[in-house]
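What follows is a single structure, written as structure tokens, with notes after it.
The values are calculated or read from the model by the stated rules, or taken from the named source; none is laboratory data. Please read these numbers as outputs of a predicted model, since none were measured by experiment. Methodologically, a virtual Cβ is constructed for each residue, glycine included, from the backbone with ideal geometry; neighbour enumeration extends over all protein chains shown. Remember, those area values only see protein heavy atoms, side chains included, never the ligands or the DNA or RNA. Shrake-Rupley method; radii C 1.70, N 1.55, O 1.52, S 1.80 Å.
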Amino acid sequence: MIMDNYDQVSLRGAEEILNQIKKKPDSVLGLATGGTPIGLYEKLVQSYQSGNVDFSSVTTFNLDEYIGLPAEHPQSYSYFMWNHLFSKVNIQKRNVHILPGVFNNEQEMITRFEKKLIDCGGIDIQLLGIGTNGHIGFNEPSDHLTVGTHIVELAYETVTSNSRFFNRIDDVPTKAITMGMGSIMNAKKIILLANGKSKAEAINKTIEGKVSTDFPASFLQLHPNVQIIVDRDAASFLVEKGANRISV
Ligand code: F6R
């Protein structure tokens, strides 16, 4: 879906999530952080404040977290989620699942997270952003992709790009823990948001490129229920004008 601007991308993405919660009040949402979904979270908060949505039965799982940052660190993804969404709506703390950036037993923590995901019946709708290098979650380009939750070395491009949120590039963690490609691909529905010229090449490769571990987002071509919602800038490198392309 090609929207006029970022605000429309955020609104369209928020509508997908709101419809999902309306249809199934105990929906399981897969959530992303980063710059892209901030507008969408604002729309969800506005909708909650207007009395149009109830998060009390909603469960969430976040895609990823930086290794080494405790939940209370202002750049942690846990902090991001509470700041932008969770503290502003009536979600129950026990229904929020975010991988910890600091832990004692890696295997035990991963097993617990994945078991919760299975016990909840899987993700109804997974929200994704995309890295300029094609990463989704922090599944970075590689000669192989990992199915389950795992620790990754962040690509140099990712560290550079995320340094805009830190004082110095040296402060950006170089490792993260992320849901794997299998967990993402298991979601019943996926919505990927992107805006701006810097994402145009990535969106082109996601939709029109070959499916390759060198560009993880290209695997979304194999998922039966994906919506890619972009602004005109992010859509500007698309070549094919397929029948399933909607310009709004
Ligand atoms: C964040 C995540 C990442 C981001 C991606 C784009 O939880 O999983 O894949 O979605 O790095 O980040 P922004 O939106 O900052 O361009």
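Which entries of Lys116/Lys189; Lys88/Lys189; Lys115/Lys189; Lys175/Lys210; Lys93/Lys199; Lys23/Lys189 show an alpha-carbon separation above 22 angstrom in the structure shown? Present the calculation step by step, with values, prior to reporting the outcome.
Values: Lys116/Lys189 19 Å; Lys88/Lys189 25 Å; Lys115/Lys189 20 Å; Lys175/Lys210 28 Å; Lys93/Lys199 33 Å; Lys23/Lys189 14 Å.
In this structure, Lys88/Lys189; Lys175/Lys210; Lys93/Lys199 exceed 22 Å between Cα atoms.
What's the extension gain from Asp214 to Glu153 if we count 0.36 nm per residue and subtract their Cα-Cα distance? Please report the intermediate quantities before stating the final value.
Values: separation 61, 0.36 × 61 = 21.96 nm, distance 1.52 nm.
So the extension gain works out to 20.4 nm.
If the viscosity is 1.567 mPa s and the temperature 4 °C, what Stokes-Einstein diffusion coefficient in µm²/s follows for region 6-134 when Rh is the Kirkwood radius over Cα pairs? Don't skip to the answer; put the middle values down first.
Values: Rh = 15.2 Å.
The estimated diffusion coefficient comes to 85 µm²/s.
Only sites in a loop by DSSP and with at most 10 other Cβ atoms within 10 Å count here; which trypsin sites (Lys or Arg not before Pro) in region 196-231 make the cut? Numbers along the way, then the final one.
Numbers: sites: Lys197, Lys199, Lys205, Lys210; in loops: Lys210.
Here the trypsin sites (Lys or Arg not before Pro) that fit, given the DSSP loop and packing criteria, are Lys210.
Would you calculate the separation in nanometres between label points at Leu18 and Lys197, each defined as 7 Å from the Cα along the Cα-to-beta-carbon direction?
Result: 3.3 nm between the two label points.
Calculate the dipole size of the chain relative to its Cα centre from +1 charges on Lys and Arg beta carbons and -1 charges on Asp and Glu beta carbons; express the result in debye to the nearest 20.
Details: 23 positive and 27 negative charges, 135 e Å.
Around 640 debye, computed over the chain.
Under the classification rounded if a/c is under 1.5, otherwise prolate if a/b is larger than b/c and oblate if not, where does region 156-209 fall, given a ≥ b ≥ c as square roots of the Cα gyration tensor eigenvalues? List each step's numbers first, then the result.
On the way: a/c = 2.57, a/b = 1.39, b/c = 1.86.
The shape class here is oblate.
Report the gain in length on full extension from Ile118 to Asp7: 0.36 nm times residue separation, minus Cα-Cα distance, nm rounded to one decimal. Don't jump to the answer; show the numbers that get you there.
On the way: separation 111, 0.36 × 111 = 39.96 nm, distance 3.39 nm.
The Ile118-Asp7 span can extend by a further 36.6 nm.
Report the gain in length on full extension from Thr160 to Leu222: 0.36 nm times residue separation, minus Cα-Cα distance, nm rounded to one decimal. Don't skip to the answer; put the middle values down first.
Numbers: separation 62, 0.36 × 62 = 22.32 nm, distance 2.96 nm.
The span from Thr160 to Leu222 would gain 19.4 nm if fully extended.
For the chain, which whole percent of the accessible surface, found with a 1.4 angstrom probe, sits on carbon and sulfur atoms? Let's see the in-between values first.
Working: 5780 of 11520 Å².
Carbon with sulfur: 50 percent of the solvent-accessible area.
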